[in-house]
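Worksheet: the structure to be examined is printed underneath.
The values are calculated or read from the model by the stated rules, or taken from the named source; none is laboratory data. Since we're looking at a predicted model, the values are computed, not measured. Note that we place each Cβ from the backbone using ideal geometry, even for glycine, and neighbour counts take in every protein chain shown.
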There are 2 protein chains.
Amino acid sequence: MQFDRKLQLATDLYQFTMGNVYVQDGKQNEVAVFDVFIRNNPFGGGYTVVAGLEQVIDYINGIRFTKEDTTLLKKNHPEFSQAFLDYLENFKFEGEIYAMPEGSIIFPMEPIIRIKAPLIQAQIVETTILSIVNHQTLIATKASRIIEEARGDMVMEFGLRRAHGTEAGYYGARAAVIGGCAGTSVVETEAMLDRPSMGTMSHSFILSYDTELEAFEKYVKYNPDNATLLVDTYNTLEKGVPNAIKVLKKALAEGGITGHYGIRIDSGDLAYFSIEARKMLDDAGLEEAAIVASSDLDEHLIKDLKSQGAKINSWGVGTKLITAYDCPALGGVYKLSAISGKAKLKVSNDPEKITNPGYKKIFRIYGKSNGMALADLIALEDEKINEQEPLTIFHPVYTWKKRIITDYYIRELLVPIFIDGKCVYQSPTISEIQQHLKDEKDSLWPAFKRMVNPHVYHVDLSQPLWNLKQQLLSEAE
Amino acid sequence: MQFDRKLQLATDLYQFTMGNVYVQDGKQNEVAVFDVFIRNNPFGGGYTVVAGLEQVIDYINGIRFTKEDTTLLKKNHPEFSQAFLDYLENFKFEGEIYAMPEGSIIFPMEPIIRIKAPLIQAQIVETTILSIVNHQTLIATKASRIIEEARGDMVMEFGLRRAHGTEAGYYGARAAVIGGCAGTSVVETEAMLDRPSMGTMSHSFILSYDTELEAFEKYVKYNPDNATLLVDTYNTLEKGVPNAIKVLKKALAEGGITGHYGIRIDSGDLAYFSIEARKMLDDAGLEEAAIVASSDLDEHLIKDLKSQGAKINSWGVGTKLITAYDCPALGGVYKLSAISGKAKLKVSNDPEKITNPGYKKIFRIYGKSNGMALADLIALEDEKINEQEPLTIFHPVYTWKKRIITDYYIRELLVPIFIDGKCVYQSPTISEIQQHLKDEKDSLWPAFKRMVNPHVYHVDLSQPLWNLKQQLLSEAE
């Protein structure tokens, strides 16, 4: 584990309250199946990028209850039986977990993590798993949207100071890199991500010198390899850019620059400033100087700036990425789908909140000719698809809407992570996860990736699963 | 420290990049003063509740750089000089920190933390302090707003699963309790807050039994002291409430209930359901049964439900509190206000972004007759106010707007936290912080606390500070 923090108590009390009942009622070992899934894509988008699995694995591998834990619980909760506290002291996760690898594209109602374990164990891990996966998936998805609109420009994550605490900044940075950011300013991520962090200087650096010119000279002197100068402390076009040009030209002439160089604009009209600054840099023969922009950026503003012809080479995004500002919570849930071999669903007056029952898996169906994703099919675990035969799928509500698919191949999306309590999965590197997401997005038609009114990707139920759901619904009343 | 996690690298790279320049340029020991402040109250509100200081103290007390840290930095950043890495290995915070105690009411532009330290040290701690204080202050403020609208009802924090990771849930829960929540569901907070966590059961508990009735019976049997039954798994008014009444009446008759009892409604029309459920409970003689509501609550919805006559006794708030959904980032900044004894300010085209220079303190002025806060005055450190004399204050922009205050007393808001690198402050208990906030809010007229269009509290500059600011502004161009 990255931190020595133990997460066994980073959960809701009701998991223990229920566990206490289960132990005394002799139910703790009934085998339960729970699914983690979302009901909507965040940000009004057409897809979601899953992240956080590596931390879930760390958590499950590390979960133990100490004597200190049970002593505290006993003191605060006299209703907890000794049998339950003993159970906790001997707790060991013995279940099975299947999940979608990080960087996978997911859609609403698809189990992204499936836990099959003794009821009490599956219940105790609920909240912690949700809080890890909801957070990182949210940020990875936001980052992916920003990357889309940056259209190949470099995007850097700069949001730690506005994150929900340092850990949200740390794992949020990881998720942002999974989503496609080239890097992050968070130094603490260097060990985790195995790549250097990024950054330049703040306004206070400039103010700490008597003049902007002196601050620039000193900065370039000690950063010949990455001389990016912040030009908006006093007056961007009147002072900052001319001072930067003076210092960069001199250093270039004297061999004092050995790598990247450029300017950063952090306030004001980024479109206008970047266009004017580009002209000034080019006129001075500094065509190689990059222009970095920061200042409350998100995918909408980046798209807008590009449409205005802004001359920006790379983007530092902070607050709106690290807090997922326009949709700061992902509503991932953890729902019981089977217990003791019996499929279960939650009825609700709101049809959107009715769950899919049973022990399920997911097929993604690709067109053979182009490798593009056509639809996903949620099926029961024992179902098979013969790829040589046409496949008929239908809308789970408007069932007359049928599609017959030929010339396709399928991929199962859930992979084994824990079997009998043992981790059987090796987490990929961050670069591998980035590549996986890239492949996933390449196989998704642009209509699902656009920012506004994306097309709705088809996630259908197999006939046996659909039948099971109808049967349970009709029995429920 | 609560966790063994070391935060020394939980910062932005540019702090080190600048530190590297300062060490080589011989500037690292110039004494700098930085202020942490906000530019706007979040949520369109009229005040902000400060939180996070205890974690800032932990961080400052614990900051050390290990050989492992410098080895990683050296590998990833060849521009870092050996002198700088040596500096880090011998790093020890030697500065002075003044701050407002947690639970204090603060307003825009007021220094809530003031750091005076060798430039490099003051710079290195910037990001981490901001990320702690921005987060906890945001959540404490959101909680305080919710508490206002709950008008004395109990409010519980239930949001961990939607928090930005487990740490945001943990410290967010702390901040929510500071803001006035009676408690939180997060078990991990029990040691920190020295109070039990709270909760009942989930829908899966009900589903794991063959019938709702059986689930209720088992729950009450093992929770005779806190028998709160979740009634919306199947059909709230047709099944859930009647089943709960049946089980609660039987248990009461048999002496199977020894403490609180009631129902929880987690979906649907909370106004209608609670009014109908109240009637059903009362008709059954269960006037003592409490009705707990949860389901995407925030201050707006609570106010609305109350105005509809909802019969709800306590409120479980989750997502919208723990993520501060409608304003998920607090824009607290960290700005240089003096270096080497020279006052500094940041000029900006945007007047709102111009900072206040110098080494400052804050007076809160109270009416002697009623103890109500009249205005705050930001002054320079060496200024004194003679409470026996009338005090003239004026608007910092519309300077002709003057007020002469008599019959007042003052309180200095910044208190010493670190002196010469040593912590001189003992953090109060959470209950003491809650009480401090209560006192602060009691001294604030309702006009500043209302949700919509609150009155703007006066934060003025003293004449010497105003003069200094004008002088620096006129010198800047």
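Here are the criteria: (1) out of contact with any Gly (no Cβ under 8 Å at 6 or more places or on another chain); (2) in the same structural domain as A:PRO454 (by TED's automatic domain parsing); (3) more than 19 Å from A:GLY103 (Cβ to Cβ). Tell me which single one A:ASP58 does not satisfy.
Going through the list (1) out of contact with any Gly (no Cβ under 8 Å at 6 or more places or on another chain); (2) in the same structural domain as A:PRO454 (by TED's automatic domain parsing); (3) more than 19 Å from A:GLY103 (Cβ to Cβ), A:ASP58 breaks only (3).
I'm trying to understand the selection: among the residues of region B:124-149, which are of a type in the set (D, E, K, R) and either free of Cβ contacts under 8 Å to residues at least 60 places away in the same chain or touching a Phe, Trp or Tyr at 6+ places or on another chain (Cβ under 8 Å) (or both)? It would help to see each step written out before you state the result.
Residues of region B:124-149 of a type in the set (D, E, K, R): B:126, B:142, B:145, B:148-149.
If the condition is that a residue be of a type in the set (D, E, K, R) and either free of Cβ contacts under 8 Å to residues at least 60 places away in the same chain or touching a Phe, Trp or Tyr at 6+ places or on another chain (Cβ under 8 Å) (or both), then B:GLU126, B:LYS142, B:ARG145 are the ones that fit.
Name the one entry in A:GLU167, A:GLU217 that is surrounded by fewer than 24 Cβ atoms within 10 Å (Cβ to Cβ) and either within 9 Å of another protein chain (Cβ to nearest Cβ) or farther than 30 Å from A:LEU53 by Cα (or both). If you could, list the steps in order and put the result at the bottom.
On the way: A:GLU167 fails: surrounded by fewer than 24 Cβ atoms within 10 Å (Cβ to Cβ).
After ruling out the rest, the residue left standing is A:GLU217.
Quickly run through region B:205-214 and pick out the residues that are surrounded by fewer than 19 Cβ atoms within 10 Å (Cβ to Cβ) and either hydrophobic (A, V, I, L, M, F, W, C) or not in a loop (DSSP other than H, G, I, E, B) (or both).
Keep residues of region B:205-214 that are surrounded by fewer than 19 Cβ atoms within 10 Å (Cβ to Cβ), which gives B:209-211, B:213-214.
Matches in region B:205-214: B:LEU213, B:GLU214.
Of everything in region B:223-262, what is farther than 17 Å from B:THR211 by Cβ, in contact with a helix residue (DSSP H, G or I) (Cβ under 6 Å, 6 or more places away or on another chain) and crowded, with 20+ Cβ neighbours inside 10 Å? Give them in sequence order.
B:ALA227, B:ILE257, B:TYR261
Restricting region A:327-351 to residues that are touching a Lys or Arg at 6+ places or on another chain (Cβ under 7 Å) and assigned to a loop (DSSP other than H, G, I, E, B), which is surrounded by the most Cβ atoms within 10 Å (Cβ to Cβ)?
Only one residue fits best here, namely A:ALA329.
If you take the residues of region A:119-164 that are facing chain B (nearest Cβ under 7 Å), touching a Leu at 6+ places or on another chain (Cβ under 7 Å) and not hydroxyl-bearing (Ser, Thr, Tyr), which of them is nearest to A:LEU53 (Cα to Cα)?
A:ASN134
With respect to the numbered conditions (1) farther than 24 Å from B:HIS135 by Cβ; (2) away from chain A (no Cβ under 12 Å), which one is the sole condition not fulfilled by B:GLU79?
Among (1) farther than 24 Å from B:HIS135 by Cβ; (2) away from chain A (no Cβ under 12 Å), the lone unmet condition for B:GLU79 is (2).
Those residues that are β-branched (Val, Ile, Thr) and without any contact (Cβ under 8 Å) to a residue 24 or more places away in the chain, I need them from region B:361-396; list them, please.
Residues of region B:361-396 β-branched (Val, Ile, Thr): B:362, B:365, B:378, B:385, B:392-393.
Across region B:361-396, the qualifying residue is only B:THR392.
Hey, any hits in region B:303-324 for a residue that's within 14 Å of chain A (Cβ to nearest Cβ) and either at pLDDT below 95 or at positive phi (or both)? Give the steps one after another, and end with the answer.
Within region B:303-324, the first condition is being within 14 Å of chain A (Cβ to nearest Cβ), and the residues that meet it are B:316-324.
Narrowing the set further to residues that are either at pLDDT below 95 or at positive phi (or both) leaves B:324.
Yes, that holds for at least one residue.
Please go through region A:173-188 and pick out each residue that is farther than 21 Å from B:ASP58 by Cβ and surrounded by 24 or more Cβ atoms within 10 Å (Cβ to Cβ).
Looking only at region A:173-188, we keep the residues that are farther than 21 Å from B:ASP58 by Cβ, and these are A:173-185.
Matches in region A:173-188: A:ALA173, A:ARG174, A:ALA175, A:ALA176, A:VAL177, A:ILE178, A:GLY179, A:CYS181, A:THR184, A:SER185.
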